[in-house]
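All remarks here apply to the structure that follows.
What follows is calculated from the coordinates using simple rules that are stated; it is not laboratory data. Just so you know, these numbers come straight off a predicted model, no measurement behind them. All Cβ positions, glycine included, derive from the backbone under ideal geometry; neighbour counts span all protein chains shown.
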Amino acid sequence: PKASALHILFDSEPRCLRVKEELETCKEEEVVEKFEDFAKRYSKCPSGKRGGSLGTFRRGAMAKEFDEAVFLHAEVGKVHGPVWTDFGMHLIFVTYRQEVKAEGHAGQGQAMATRCPVASGPRTE
């Protein structure tokens, strides 16, 4: 499985919670733009310069807590967090996630992709 996500790495829990609250009150079509803006302003990660974009990555490529949030807990197209890792606290916005469904008749798992309708992330499967 693989996914694409935006994130904001914070060093202040109050700021993280304020940003999350503001993002949750945005109209759906404004969330990605606002998230990217907040990432550019507040993120302590170099990805902040790219609006928090982490591009496409495979399961296991990120810190365990981050990985579990992206692949197991976060809903595509919704703000998730805060998620704590050794790097700090993150807000995460999953823009795309490929999941493997249970085995089919041929004994192989089938890939299923979920995309955020308002995000313009990678379209590769």
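For Met89, what is the net charge nearby, where nearby means another residue's Cβ is under 9 Å from its Cβ and Lys, Arg count +1, Asp, Glu -1? Result for the neighbourhood of Met89: -2. Extension gain for Asp11-Lys64 works out to 17.2 nm (0.36 nm per residue, less the C-alpha to C-alpha distance). FRET efficiency for the pair Thr25 and Phe87, taken as 1/(1 + (r/R0)^6) with r the Cβ-Cβ distance and R0 = 30 Å, rounds to 0.65. Take 79-87, 14-22 and order them by the average number of nearby Cβ atoms within 10 Å per residue, most first; the result is 79-87, 14-22.
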